[in-house]
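Contents: one structure, followed by commentary.
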């Protein structure tokens, strides 16, 4: 199937959002999003992460990079991370990042498929959507343990349950699933819905429950939700080769490849001149 650049951009921007929310277990801080001509820039605390917001013409030179670095200096960022894409960003942008002393930190893939061709299986483990008091509280504990997010206050859980009860499943733009092993919450995954496109966020499992099928169960449950709410396409971005294998086994195919480049402090000294 043909892939729309806008879908790929949205997928990478959501991946960046998850990265910011779960990186280094930093305490929550002020955050903002800035849309430049070609990139979406997210700043939280002293970290800036950049993702493509449209397909960049191959003839465009790297004039965007000094502007980005100046923005990082203005916000006193200690770290700048830039996500590039084989389909969306020209090769010379990767070259420019290396010239400015960025280092390649990781590589990833974007996978996608039409829902109708997916191998959607019933998970072998117990999986719940986070729409009950038990599952929402479990999701909060998992997010806290895995990503360092603040645990939800019981009163907030009650409020969220009331809000979700008023929104039919087919109209929700976000779905969380919790995987249970031996009666305990073991893993979590989320699904974002935009129109008829469903984006799988990174799933995660507590260390003591890994290699027992929690991630695979979370994938299966989210693919089922995507189908049930009427999505036509499922897409995901991952930097984990094992997760890529699970997604491929369910019918998703690689449609793009990405690289993540990082420049750490001091920004001012490393970019001077």
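List of remarks:
- Close pairs (6 angstrom Cβ cut-off, 6 or more residues apart or separate chains): in contact (Cβ under 8 Å) with a residue 40 or more places away in the chain in the stretch 155-181, in a strand (DSSP E or B) and surrounded by fewer than 17 Cβ atoms within 10 Å (Cβ to Cβ) anywhere: 180/126
- Scanning the stretch 151-182 for residues that are part of a loop (DSSP other than H, G, I, E, B) and either touching a helix residue (DSSP H, G or I) at 6+ places or on another chain (Cβ under 7 Å) or modelled with pLDDT of 95 or more (or both) yields a count of 3.
Per-residue answers, yes or no, for (1) touching a helix residue (DSSP H, G or I) at 6+ places or on another chain (Cβ under 9 Å); (2) part of a helix (DSSP H, G or I); (3) free of Cβ contacts under 8 Å to residues at least 24 places away in the same chain:
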| site | (1), (2), (3) |
| --- | --- |
| 188 | yes, no, no |
| 221 | no, yes, no |
| 231 | yes, no, no |
| 235 | yes, no, no |
| 243 | yes, yes, no |
| 255 | yes, no, no |
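- Taking the criterion of being modelled with pLDDT of 95 or more and under 17 Å from the mean Cα position of the chain (by Cα), the residues of the stretch 201-215 that qualify are 205, 215.
The values are calculated or read from the model by the stated rules, or taken from the named source; none is laboratory data. Since the model is a prediction, treat every value here as computed from it, not as a measurement. No Cβ is skipped: glycine too gets one built from the backbone with ideal geometry, and neighbour counts run over all protein chains shown.
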